[in-house]
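Heads up, the thing below is written out as structure tokens.
The values are calculated or read from the model by the stated rules, or taken from the named source; none is laboratory data. Note that the structure is predicted; figures quoted are calculated from it, not measured. We place every Cβ from the backbone using ideal geometry, glycine too, and count neighbours over all the protein chains shown. The area values use the complete protein model at the heavy-atom level, side chains included, leaving out ligands, DNA and RNA. Shrake-Rupley method; radii C 1.70, N 1.55, O 1.52, S 1.80 Å.
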Amino acid sequence: MTAPKTLYDKIWDAHVAHEQEDGTCLLYIDRHLVHEVTSPQAFEGLRMAGRKVRAPEKTIAVPDHNVPTTLDRVSGVIANEESRIQVEALDKNAKEFGVNYYPVSDIRQGIVHIVGPEQGWTLPGMTVVCGDSHTATHGAFGALAHGIGTSEVEHVLATQTLIQKKSKNMKVEITGKLKPGVTAKDITLAVIGETGTAGGTGYVIEYCGEAIRDLSMEGRMTVCNMAIEGGARAGLIAPDEVTFEYVKGRPHAPKGAQWEAALNWWKTLYTDEGAHFDKVVTLKGEEIEPVVTWGTSPEDVLPISAVVPAPESFKGGKVDAAKRAIEYMGLEVGQKLTDIQIDTVFIGSCTNGRIEDLRAAAEILKGKKIKDGMRAMVVPGSGLVRAQAEEEGLADIFKEAGFEWRLAGCSMCLAMNPDQLAEGERCASTSNRNFEGRQGYKGRTHLVSPAMAAAAAITGHLTDVRELM
Amino acid sequence: MEKFEKLTGIAAPMPLVNIDTDMIIPKVFLKTIKRSGLGVNLFDEMRYDRQGNENPDFVLNKPQYRDTQILVAGDNFGCGSSREHAPWAIADFGIKCVISTSFADIFYNNCFKNGILPIVMPQEVVDVLMKDAEKGSNARMVVDLEAQTVTTSDGESFPFEVDAFKKHCLLEGLDDIGLTMNNVKDIDAFEGKMAQERPWV
Ligand code: SF4
């Protein structure tokens, strides 16, 4: 009998192409996702060294970070000179190196972490990398997925491997059932609130427990998406029937006899009884409330019923960081979170830009109008999500409520494209980062679930969505 | 890549915790398709006002810290995005070493690939080094990668840990792709095996 293994151990072992004596490995990469911001220097490096892409068929490129999402983009060129240069560089590199490519004009274009799973590129048991920290999203399929830097992008392009040392195993268990109005976003934020943004550093997290099992694939992707905000290298969820059902029939999923063979292997991808975890965190699902962030780090998270905390309630360097955050966010200590007024609402991003997220928001918005003067936008995660939402009538609900209905891209998740907050503007956002300036210079971000974002759009302040349900 | 030589230089104190990649290099500067030239925008939002004037209170703007080569920083330095623009900006400014109690994983790895040495030290040691860094340009800190020590301007020396392979690569200035290509036979063999065992990949 071999020693019991975790899911991470199993996927790791299945991809080691070479191991040095000190444990440094060449990990074989099954899927390499590429976008326009972190790849130009890598392709340039290949060109300069006269190297080719080793496995173009396993490389998938799509522009997302700085494409405009306004409806007029189909007709025009990208106005911002530098953005256009990056997107054009990707067009050119994709063609020259022969990798799979979804250009802006393709309906399948969207945020790289939404397109990968949607097209069936991401499959259980794979290693997936991308020059983007939210690659952890793909871990929802039981794939080992993590972000890499541009030097590593170049390394993977050239060798289809990554130089890696194994991380430690961490288990995050969410027991029991979630209460109504509590979503995958609340789970993942609550976990970061518990562990801190460095709590996962050096670990690969496996999420498990009844509340995780009960989630759809969309919800699981939301949970894994933010593993990186907890500092972890990757987040994983063991594949099960929900996973297989989602994957089956996707354009790049295996078919026929290969499907059967794949399924047989996928069914062995779970953590063995008695396998060792270096760290374990357990949360009770029924105790998780709808949460919001009040500060400028994803760990600054509290239940919506709470108040802005006093900096002195923290320890060490966090006291000053909290002071700075409260000042930056323009809040008062002791202020009720539900008294925080909002002027902008953003629903989208690779955290919450999937069909289920749009359904959850539309459910709250149905027959209602957003607050006067509110700027609210929905940016579907891909062209296909957008098309489906239109078919289901969700787009009409958003438009009637007063939301802008945009084309796919990263949009206001980060201030690289025209969708930005102006100085002092305050946004309830379904994205994953509330860092200073993330959504625009001196812009203020409160991270929430799609349902909570919809609720805030209606009332004009941070709101407990359960009051509108 | 340039070899990492023994470093004797000015250290700047940045005690703030959770200095994230957006603070290191705001995303408006990610739109370049080159690696160089980002140093002027390092810590841009703290370093300049909206009109582009220098903020005189920011540490790297003070006369004694303009030639900083070592950064002593608060916990969890480099958290946030995987953008390598963060270490590029740091390196382009001329900083070759960052010392903190902890670093975000991706940032930590990216440093080595760009000739920067990130050093993890316990809180007590970082406190001492932070104090030393506050002395400004009269004080020179010494970082000796070969011996794995950091020495303050007072001559107090602290050992640090670093992965042996990463150390070797930094000392020799080795390029990762070249190194990996030495094992290309193993990669070929792995691909051959996979074509049999997991043909759907
Ligand atoms: S949606 Fe936001 S977090 Fe996701 S890939 Fe785009 S910029 Fe990154």
TODO: Please verify whether the range B:62-69 includes one or more residues that are within 13 Å of chain A (Cβ to nearest Cβ) and open to solvent by less than 30 Å² (accessible area, probe 1.4 Å).
DONE: no
Open item on the list: For the range A:130-169, give me each residue that is more than 13 Å from every other protein chain (Cβ to nearest Cβ) and over 17 Å from the mean Cα position of the chain (by Cα).
Closed with: A:N169
Task: Boolean, A:K171 is among the charged types (D, E, K, R), in a strand (DSSP E or B) and either surrounded by fewer than 24 Cβ atoms within 10 Å (Cβ to Cβ) or not assigned by TED's automatic domain parsing to the domain that holds A:P117 (or both) - done: yes
Task: Enumeration of residues in the range B:14-51 that are open to solvent by less than 20 Å² (accessible area, probe 1.4 Å), under 16 Å from the mean Cα position of the chain (by Cα) and hydrophobic (A, V, I, L, M, F, W, C) - done: B:M14, B:I19, B:I24, B:I25, B:L38, B:L42, B:F43
Open item on the list: Considering only residues that are in a strand (DSSP E or B) and facing chain B (nearest Cβ under 8 Å), which ones fall in the range A:17-36?
Closed with: A:A17, A:H18, A:L26, A:Y28
Open item on the list: Given the criterion more than 14 Å from every other protein chain (Cβ to nearest Cβ) and under 23 Å from A:I148 (Cβ atoms), identify the matching residue among B:E146, B:E84, B:E134, B:E172.
Closed with: B:E172
TODO: Working only within the range B:110-119, note down all residues that are surrounded by 24 or more Cβ atoms within 10 Å (Cβ to Cβ) and facing chain A (nearest Cβ under 8 Å).
DONE: B:N110
Task: helices (runs of 4 or more DSSP H) contained entirely in the range A:360-469, each with at least 2 residues that are under 25 Å from A:I78 (Cα atoms) and open to solvent by less than 20 Å² (accessible area, probe 1.4 Å) - done: A:383-391
Task: Any chance A:E36 is open to solvent by less than 50 Å² (accessible area, probe 1.4 Å) and of a type in the set (D, E, K, R) - done: yes
TODO: Inspect all residues belonging to the range A:290-313 and state whether any of them is surrounded by 16 or more Cβ atoms within 10 Å (Cβ to Cβ), of a type outside the set (S, T, Y) and within 16 Å of the ligand (Cβ to nearest atom).
DONE: yes
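Give the residue, chosen from A:V115, A:V191, that is outside the structural domain of A:E218 (by TED's automatic domain parsing), in a helix (DSSP H, G or I) and surrounded by 24 or more Cβ atoms within 10 Å (Cβ to Cβ).
A:V115
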TODO: Go through the range A:68-95 and give me each residue that's open to solvent by 50 Å² or more (accessible area, probe 1.4 Å) and within 14 Å of chain B (Cβ to nearest Cβ).
DONE: A:A79, A:N80, A:E81, A:E82, A:R84, A:I85, A:E88, A:D91, A:K92
Open item on the list: Out of A:G353, A:G285, A:G330, I need the residue that is within 16 Å of the ligand (Cβ to nearest atom), away from every other protein chain (no Cβ under 14 Å) and touching a Gly at 6+ places or on another chain (Cβ under 9 Å). Which one?
Closed with: A:G353
Task: Breaking point among (1) modelled with pLDDT of 95 or more; (2) within 11 Å of another protein chain (Cβ to nearest Cβ), for A:R108 - done: (2)
Task: Residue, farthest from the ligand (Cβ to nearest atom), within the range A:408-436, restricted to residues that are within 20 Å of A:E82 (Cα to Cα) and out of contact with any Phe, Trp or Tyr (no Cβ under 9 Å at 6 or more places or on another chain) - done: A:P418
